[in-house]
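Working notes, beginning with the structure itself.
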Amino acid sequence: MEVKEVKGSYRSLSLTRELKDNRLGSCHWYRPLTSPNFFNFLLFLLLSASLHAEEATLEPVQRRSPTARTLLFGIGRTHQFDTYLSPMEYKGLQVSFMTQSERMTHLLNRHVSFQSTLFGAYTYTENPSETANYMGGRLAYDAGWHYHYSPLPHLDLKGGALIGTDLGFLYNNRNGNNPAQGRFSIDLSLSAGADYTFKLKRLPMRVSYQADLPMLGVMFCPEFGESYYEISQRGVGHDIICAHPGNALSLRQMLTMDFCLRRVTLRIAYLYDVRQQNARNLKYHDRSHSFMLGFVRHFQLMKRKDK
């Protein structure tokens with residue numbers, strides 16, 4: 001097996017295809033993989049490989065789909081409130097990264113995509129009087145499927161479900177008895193999004209939006225006044241409770257814009273992420289606004305066929 005990178009961008013996870021001077025051309029969004037353009041492109045690859053190969057040829061693996069991988073780095077502001085550690089809201093800086101992989105599957109005639117996302121963040125916040133600070137970290141991973149529907153030629157709508165896990169901590173340098181608080185949750189989320197492709201002075205661009213809403217899961221939540229020494233004595237399982245929008249209303253929204261410079265696809269993103277809890281007489285929220293910048297790479301899985 002060999003992974004071949006495809007230059008350019010995509011629409012609905014389709015490959016970028018434009019033949020120019022007998023090679024892949026500039027970025028552009030075309031029809032889905034089932035369109036005639038795809039088979040013309042496959043024919044071009046096969047002919048080129050057969051003409052230029054000396055000891056081996058490359059041919060597309062059947063029943064495989066292109067994969068889009070994204071790497072983003074961001075910076076923004078966050079508001080943190082945790083009554084287990086302090087009755088005050090802390091505000092400050094958040095530095096984050098996100099990696100995402102998305103590919104079309106063969107489910108329902110190639111209308112279903114699989115998406116996985118890894119998000120990490122470090123936060124440093126202070127109370128209003130600047131007499132204490134929080135240091136925090138967070139790592140979240142989710143994966144799931146979306147069904148795609150295109151009511152218009154350049155508009156793609158999608159909806160589905162994600163399952164994810166979220167780990168994190170907060171440390172307060174002022175507290176002596178209980179200086180830290182841990183976070184853990186597993187949830188099932190509803191997910192919906194849309195993307196629209198267009199050109200701005202011959203520059204291919206795409207605007208995308210996605211929102212994820214956790215609906216049901218489990219989360220770690222200690223009782224009010226319960227120390228971590230007591231938690232270790234009684235067992236962590238005692239503090240694992242059911243999570244739902246009534247006690248853990250959370251939401252992640254992301255707006256992105258892709259554009260091509262030569263053969264590189266750049267992505268600018270705005271991420272609004274809210275994590276909240278209100279259970280066992282404890283309240284918690286972490287609301288962040290981040291601006292992110294990165295790039296998107298596209299791959300087509302190939303197999304090597306020796307002569």
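The values are calculated or read from the model by the stated rules, or taken from the named source; none is laboratory data. Computed from a predicted structure; not experimentally measured. Neighbour counts run over all protein chains shown; Cβ positions are idealised from the backbone, glycine included.
Against the test of being polar (S, T, N, Q), under 30 Å from residue 93 (Cβ atoms), part of a loop (DSSP other than H, G, I, E, B) and assigned by TED's automatic domain parsing to the domain that holds residue 89, the options 247, 278 yield a single qualifying residue, 247. Flag: residue 171 does not match the condition of being in a strand (DSSP E or B), exposed (fewer than 14 other Cβ atoms within 10 Å of the Cβ) and hydroxyl-bearing (Ser, Thr, Tyr). One residue alone among 195, 187 is touching a Gly at 6+ places or on another chain (Cβ under 8 Å) and buried (at least 19 other Cβ atoms within 10 Å of the Cβ), and that residue is 187. Take the conditions at negative phi, touching a Pro at 6+ places or on another chain (Cβ under 7 Å) and of a type outside the set (Gly, Ala, Ser) and apply them to residue 258. Does it pass? Judged against the criteria, residue 258 is not a match.
Candidates 275, 297, 263: the one that is modelled with pLDDT of 95 or more and either touching a Gly at 6+ places or on another chain (Cβ under 6 Å) or not β-branched (Val, Ile, Thr) (or both) is 275.
Of all residues assigned to region 260-269, at least one qualifies as being within 26 Å of residue 121 (Cα to Cα) and of a type in the set (Gly, Ala, Ser).
Can you pull out every residue in region 90-130 that is outside any strand (DSSP E or B) and β-branched (Val, Ile, Thr)?
Hit for region 90-130 is 105, nothing else.
Restrict the check to region 204-215 and report whether at least one residue is surrounded by 15 or more Cβ atoms within 10 Å (Cβ to Cβ) and modelled with pLDDT under 90. Yes, there is a match, as at least one residue in region 204-215 is surrounded by 15 or more Cβ atoms within 10 Å (Cβ to Cβ) and modelled with pLDDT under 90.
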